[in-house]
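Scroll down for the structure; my scribbles are underneath it.
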Amino acid sequence: MSPAFRFCPQCATPLSLVTQAEDGGDKARLRCGACDYTHWNNPTPVLAAVIEYQGKVLLAQNAAWPGKMFALITGFMEAGETPQGGMSREIKEETNLDTSELKLIGVYDFQRMNQVIIAYHAVCDGEVSLSPELVDYRLMELADVKCWPAGTGYALADWLRSRGHEPEFVEFARRR
């Protein structure tokens, strides 16, 4: 359940975990006893891109990340835009690159963050200029790219396979 979501957004009454019959059987959800509001806690769609730039894969480092982690460009869709439009916008906002081709790689679950990742392969051009959200980037040869065992890492692995490269995965240290 969503621990940060504790009060009803309609009437400010504390929410309680209540089990009720729904389509498909009983389901425990955070619910308001005063106005019958239900917090559905549905996954959020997130866009991700394997960016092909100058014949290489562009990976970026987020300013909020510890260490030297580099990953795909990601972002949230805005109301009123398509996934493709949102992906092109995010690429432009975060890297200043223009997208000339965009093709769906696949859809991946990322349950740890309660997200569904919609991943694309983007062919981009222009001059890289990072947003303040990003602190660095790398251009990697396909054979040198390492994947990670999480949603966007699986998207990258699928894309590498589609290009004839068997992906190699890095291991993450477990948080305690």
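The values are calculated or read from the model by the stated rules, or taken from the named source; none is laboratory data. Keep in mind that what you see is a predicted model, and the values were worked out from it rather than measured. All Cβ positions, glycine included, derive from the backbone under ideal geometry; neighbour counts span all protein chains shown.
Given the criteria modelled with pLDDT under 95 and either out of contact with any helix residue (DSSP H, G or I) (no Cβ under 6 Å at 6 or more places or on another chain) or of a type in the set (Phe, Trp, Tyr) (or both), does residue 6 qualify? So residue 6 passes the test. Of all the listed residues (139, 130, 97, 160), the sole one being surrounded by 13 or more Cβ atoms within 10 Å (Cβ to Cβ), farther than 30 Å from residue 42 by Cβ and free of Cβ contacts under 8 Å to residues at least 40 places away in the same chain is 160.
Would you confirm whether any residue within the range 51-64 is in the same structural domain as residue 155 (by TED's automatic domain parsing), out of contact with any strand residue (DSSP E or B) (no Cβ under 7 Å at 6 or more places or on another chain) and not β-branched (Val, Ile, Thr)? Yes, because at least one residue in the range 51-64 is in the same structural domain as residue 155 (by TED's automatic domain parsing), out of contact with any strand residue (DSSP E or B) (no Cβ under 7 Å at 6 or more places or on another chain) and not β-branched (Val, Ile, Thr).
For first residues located in the range 165-176 and within 22 Å of residue 141 (Cα to Cα), partners that are of a type in the set (Val, Ile, Thr) and modelled with pLDDT of 95 or more and lie 6+ apart or on another chain with Cβ distances below 9 Å form the pairs 165/145; 167/145; 168/145. Counting only strands (runs of 3 or more DSSP E) that fall entirely inside the range 73-176 and contain at least 1 residues that are of a type in the set (S, T, N, Q), the qualifying elements are 73-76, 98-110, 115-125.
Residues are listed down the side, and each one gets a yes or a no for (1) under 17 Å from residue 56 (Cβ atoms); (2) modelled with pLDDT of 95 or more; (3) polar (S, T, N, Q):
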site	(1), (2), (3)
82	no, yes, yes
92	no, yes, no
137	yes, yes, no
144	yes, yes, no
147	yes, yes, no
152	no, yes, yes
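Filtering 124, 147 for residues that are surrounded by fewer than 20 Cβ atoms within 10 Å (Cβ to Cβ) and over 30 Å from residue 40 (Cβ atoms) leaves a single hit, 147.
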